[in-house]
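Read through the structure below, which is laid out as structure tokens, and then see the notes.
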Amino acid sequence: EGVYSFAAMEAKWPQVWEDLKVFTPLDDGSRERRYVLDMFPYPSGDLHMGHAEAFAMGDVVARYLRQKGFDVLHPIGWDSFGLPAENAAIKRNAHPSEWTYANIDTQAASFKRYAISADWSRRLHTSDPEYYRWTQWLFKRFYERGLAYRKDSPVNWCPKDLTVLANEQVVNGACERCGTPVTKKSLNQWYFKITDYADRLLEDMDQLQGHWPERVLAMQRNWIGRSEGAHVRFVIEATQDRAEREVTVFTTRPDTLYGATFFVVAADAHLALDLVTSEHHDELMAYREKVKALSEIERQSTEREKTGVFTGRYAINPLNGEKLPVWAADYVLADYGTGAIMAVPAHDQRDLDFAKAFGLPVRAVLDTGDEDPAETGVATAGEGTLKNSGDLDGLSKSEGIPAAIEILEKLGTGEKFVNFRLRDWLLSRQRFWGTPIPIIHCAECGEVPVPDDQLPVKLPENLRGEALAPKGTSPLAAAVEWVNVECPNCGRAAQRDTDTMDTFVDSSWYFLRFVSPDYTEGPFDPEKINNWMPVGQYVGGVEHAILHLLYARFFTKVIKDIGLIEASEPFSALLNQGQVLNGGKAMSKSLGNGVDLGEQLDKFGVDAVRLTMVFASPPEDDVDWADVSPSGSAKFLARAWRLGQDVSSEPGVDPATGDRALRTVTHKTIADAADLLDNNKFNVVVARLMELVNATRKTIDSGAGGADPAVREAVEAVAVILSLFAPYTAEDLWNTLGHPASVANAGWPTHDDALLVQDTVTAVVQVQGKVRDRLEVSPDISEDELRELALASENVQRAMDGRGIRTVIVRAPKLVNIVPA
Ligand code: ANZ
Ligand code: ZN
């Protein structure tokens, strides 16, 4: 009689799995392929509870699809360039690679212990030259298509980290990493032209609808920020010292053109300098200095008092010839639309606030039934009827917009225009530990790409410690021997570009490399890539809802356009797992509520931790570690495992002669579990598995006991389903039943529909006395089983709306009443 020992199992099985290459896909076309991917980790320290949750979820999917007979690609690798390694290297007078690869080794060992069903032969690290060679190669293809370019521009600058930040890395005006307020600085920087793909990034979201979380799609949509409106050209009258010129504005409300009473350009835009008369020049310069000190958020705040200066110029309204004073102000942003607006104070609150501050006229042109904005100080924005608007009079707002555009088009002074909030992707970083940009600057030839056969441009190995410290220019500039090269074009002395790429570039195509990580003729094997892409299920945190996912989608589209892949979207389905909390709060050093994953694994075993992660809640919801019971999971696992000890029938005996009631439970569990798994309801599957284990125990303890062939049938099903959540226990159980390893490839058990009919009773589930669900349950369901099922019900969880539980009254098999706290 064996004893359940997780330590013994953890010592025994990993080697067996590795020897049998259980998780290496056949990749021979004999089975339908499925690609399951977890967002690859960053190697900071050892794995933490968040990794444990995310990878437990991804592994359920990978293991389930394997049982269903698919050839599953489930790779693992590391996103191993980035700042923390560099900072650690500066502190320890070391090279960033030392810290990076030591951490990767630690994490890899933990992942192996955690029994992720990954194909370790495909392991990759983005900081390996064999990987970044192809990041550089792809950069060059983008460059050739005009999709990678350099421009001088004001960039977000973190004065503490001394580095440029992408818009996405600025959170509430501060550096995402260190919280320092971000300032602007003008630099020559590399960009990817993601704006060329704005329309497609938006349109192709139709393919993702229903398969990606709605809130992620909403965040992407908002980030891309499509606005329909018009471009309108205004002539700016000549003055004594300035010539006449034209300035275009973007407006979503061309119907309000007759209500324009002034004109505003972004004070920090070059346009403001071009326009201002010499009389107002000094005033503008002084104002620009003040504006520079403000964050984007401050500038756009509706609360802040409006400021600005008159430029001395007048714009002519193309519809009615009116002269509008041109102001420069900070509430108009230089990098949105055209950086200039027509101001319609009656119908735009920001314009109205500005008009009030500077005594500018307010003219309502839309009757909305509200009081006059000039009196109330509240701009009116709803539907209404146009007035004071010449030919547009009497039209509604929605009729007025196309009508105004038609008039503008006839006059040749404007046209329909779609504007996007999305900006080009600033990809260059003045940091060391990243992919070098494969460009050489030659005084004679300009920018010269490093020839493909000279890739990778490897990072110099002699820079370490202090030499890597941020200085505002890239630390690579200090590697003189590395920088100075011959121009590949003319052979004259030239210099390498010293910037490195944003690490989001590395992670924008790693899923493609996994298909053929050792391929040396290109970033991936063209013969194989379409066999696996797109990724069927991507799993990761919602913190990547915008950046990483948008960039990966952009890369995929460009690579498709180059003709290298067929897929236009990289990830067909996305699952955002919740967070692991402790005491209702995110784990953090400052709160001191961190839970150490290693300690949990030592104490409860890998399987119990994994099962707890999955059972605690639906995968999308947070798990509060203070509320869960890994010891309860461990007890359940031991109970499931002990069933195997009691099975005494031979394998292969027809179960038809066995206990009919148990067979019904087994077959219903198999059938329902598949449906539940297809819908990511992993926690409910665990609840059902618990029911099956209990029913099997009951049969063993009565009647024919362990010799009943229905018992063997049930325990075999338990082993296979359990293998998705608790791979060690499942493998050991499978072994006890006399089967060779591995249970991971046992195949999903088939169920017999004829066995599904069962005497059931309807259990009514109430929350606070209100009926919220009805469950079909076995007449002899236990109180505990019924409670678990009721609490796992989606309707119940919705009704609970996040409230805790005060009491649960269970009258098996008919009634459950839950009283929220
Ligand atoms: C006249 C007008 C009248 C406007 C009205 C609005 C209401 P979204 O929807 O976000 O695209 N705008 C344009 N460029 C701007 C910039 N660089 N900085 C600040 N504001 C800018 O908003 C487009 C509207 O925001 C545009 O339409 C413009 O004001 C303003 F009753 O033009 B509107
Ligand atoms: Zn040259």
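Where a number appears in this text, it was derived from the coordinates with a stated rule and is not lab data. Just so it is clear, the structure is predicted and the values come from calculations on it, not from any experiment. Neighbour counts run over all protein chains shown; Cβ positions are idealised from the backbone, glycine included.
For all pairs of alpha-carbon atoms in the chain, what percent lies in each bin of width 10 Å, listed from the first bin to the last filled one?
Result, from short to long distances: 2, 11, 18, 19, 17, 14, 10, 5, 2, 0, 0 percent.
log₁₀ I(q)/I(0) of segment 293-380 at q = 0.14, 0.21 Å⁻¹, via Debye over equal Cα point scatterers, no solvent, to two decimals?
With one equal scatterer per Cα and no solvent, log10 I(q)/I(0) is -0.53, -1.14.
For a label point 7 Å from the Cα of Arg811 along Cα→C-beta, name the residues of segment 742-775 whose backbone N is under 15 Å from it.
Residues 762-771 fall inside that zone.
Once all Cα-Cα distances of segment 223-358 are split into 10 Å bins that start at 0, what whole-number percent is in each one?
Final binned percentages: 12, 46, 35, 7, 0.
Sorted from largest to smallest, which semi-axis lengths in Å does the alpha carbon gyration tensor of segment 428-561 give for its equivalent ellipsoid, taking the root of 5 times each eigenvalue? Let's see the in-between values first.
Values: eigenvalues 194, 80, 35 Å².
So the equivalent ellipsoid measures 31, 20, 13 Å along its semi-axes.
Projected area of segment 343-491, taken from the Cα convex hull and averaged over every viewing direction, in nm²?
The Cα convex hull of segment 343-491, projected and averaged over all directions, gives 17.3 nm².
So how far, in whole Å, is the C-alpha centre of segment 264-342 from the one of segment 21-64?
So the separation of the two Cα centres works out to 53 Å.
Run the simple label-point estimate for Ala477 and Ser227 please: 7 Å along Cα→C-beta, distance reported in nm.
Placing both labels 7 Å beyond Cα along the Cβ direction yields 3.7 nm.
Could you give the dipole magnitude of segment 519-653 about its Cα centre, charging the beta-carbon of Lys and Arg +1 and that of Asp and Glu -1, in debye to the nearest 20?
Charge dipole of segment 519-653: 240 debye, to the nearest 20.
Hey, what's the Cα Rg ratio for segment 388-458 versus the globular rule of thumb, 2.2 N^0.38 Å?
2.28
Expected output is a single nm value to one decimal: the length gained when fully extending between Ala293 and Glu620, i.e. 0.36 nm times separation in residues minus the C-alpha distance. What is it?
Taking 0.36 nm per residue and subtracting the Cα distance, the gain is 113.6 nm.
Take Asp391 and Ala109, extend 7 Å from each Cα along the Cα→Cβ direction, and tell me the distance between the two endpoints in nm.
Result for the modelled spin labels: 7.9 nm.
Using modelled backbone amide H atoms (1.01 Å from N, in-plane), which distant-in-sequence or interchain residues come within less than 5 Å of Val539's amide H?
Leu37, Asp38, Met39, Leu575
Using R₀ = 51 Å, calculate the FRET efficiency as 1/(1 + (r/R₀)^6) where r is the Cβ-Cβ separation of Lys151 and Asp19; round to 0.05.
Efficiency at R0 = 51 Å is approximately 0.40.
If I take R0 = 41 Å and measure r between the Cβ atoms of Asn530 and Asp335 in this structure, what FRET efficiency does the formula 1/(1 + (r/R0)^6) give, to the nearest 0.05?
According to the calculation, E is roughly 0.60.
I need the peptides 140-153, 637-650, 717-730 ranked by packing, meaning the mean over residues of other C-beta atoms within 10 angstrom, with the highest value on top.
Most protected by this proxy first, the peptides run 717-730, 637-650, 140-153.
Starting from the alpha-carbon convex hull of segment 171-258, give the projected area averaged over all orientations, in nm².
Mean shadow area of the hull around the Cα atoms is 11.1 nm².
How many angstrom separate the Cα center of segment 131-149 from the Cα center of segment 513-586?
Segment 131-149 and segment 513-586 have Cα centres separated by 18 Å.
Given the pairs Lys112/Lys528; Lys193/Lys356; Lys68/Lys585, which are separated by over 29 angstrom at their Cα positions?
With Cα atoms farther than 29 Å apart: Lys193/Lys356; Lys68/Lys585.
How long is the gain from Phe358 to Arg31 if the chain were fully straight, where each residue apart is worth 0.36 nm and the alpha carbon distance is subtracted? Before the final figure, lay out the partial values.
Values: separation 327, 0.36 × 327 = 117.72 nm, distance 7.25 nm.
Contour length minus Cα-Cα distance gives 110.5 nm.
Between segment 598-647 and segment 239-253, what's the alpha-carbon centroid distance in Å?
68 Å
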